[in-house]
Amino acid sequence: MRLSILCALMLSYMPLTHALDTAANKLVTISNDRDSSTSDLDLTLDGQNNVVGLAYVTTDSGKTSEKDFQVSDLSAPDGAVLAEQQGVKALELTGSVDNTAGTGALTIHYISNGLTGEYGTCDTTIKRGMNGVWALYDSNGKLVTAAKVITYSFGISTIQGLCP
C-alpha cells in the first residue's frame with residue numbers, strides 16, 4: 001500500500017519536474033520606431049535542446065510582460081499572436097519546427113494596412129547549431145539577432161533586419 005502511494009506521488013511530480021527542465025534560447029531582439037520598448041523572441045528548449053515553446057518578452061519603461069506559446073500554436077490559423085493593438089493582430093508568427101532535423105520554417109505576418117486589413121509577410125528559418133544553440137535567419141540565409149519594426153500611419157511598413 002505504501003509503495004503504491006509513493007509511486008503515485010512520484011508520478012504526480014514528474015510532469016512538474018519535466019516542465020521545469022527547460023531553458024531559453026534568445027533568437028532576436030525587436031525594437032520599433034514608435035517608443036523605447038524592446039521585445040525578445042526566445043525559444044523554450046527541453047533538456048535535449050528541442051524546441052517545446054516560444055516566449056515573447058517585452059520590456060517597456062522598466063515593466064516586463066511575457067507571452068508564452070506552445071510549438072503547436074505556430075500551426076494554428078492565427079499562429080502565435082505576438083502583438084495586438086486595439087483588437088488588431090499586429091504581429092503573428094506561424095510555421096513549424098522539426099526538432100529531429102534541427103530546423104524550422106517560420107513566417108511573420110504583420111499588419112501593413114490597418115484600414116484595409118492587409119498583412120505583409122516575411123519568411124524566416126531557424127537552425128540548431130552543432131553547439132545546440134538555435135539561430136534565426138532571414139529569407140536570404142543571413143543570421144538575424146536584431147530587428148526593428150518600422151511603422152507608418154496605417155500599420156507596419158517593414159521589419160528591418162528581418163524582411164529583405
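The values are calculated or read from the model by the stated rules, or taken from the named source; none is laboratory data. Fair warning: this is a prediction, and the values are worked out from it, not measured in the lab. All Cβ positions, glycine included, derive from the backbone under ideal geometry; neighbour counts span all protein chains shown.
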Legend entry - Residue, farthest from SER37 (Cα to Cα), within the range 77-103, restricted to residues that are within 14 Å of the chain's Cα centre (by Cα) and surrounded by fewer than 17 Cβ atoms within 10 Å (Cβ to Cβ): SER96
Inset, instruction - Name every residue in the range 78-123 that is of a type in the set (S, T, N, Q), at pLDDT 95 or above and either part of a strand (DSSP E or B) or touching a Ser or Thr at 6+ places or on another chain (Cβ under 9 Å) (or both), in order of residue number. - result: THR94, SER96, THR103, THR107, SER112, ASN113, THR121
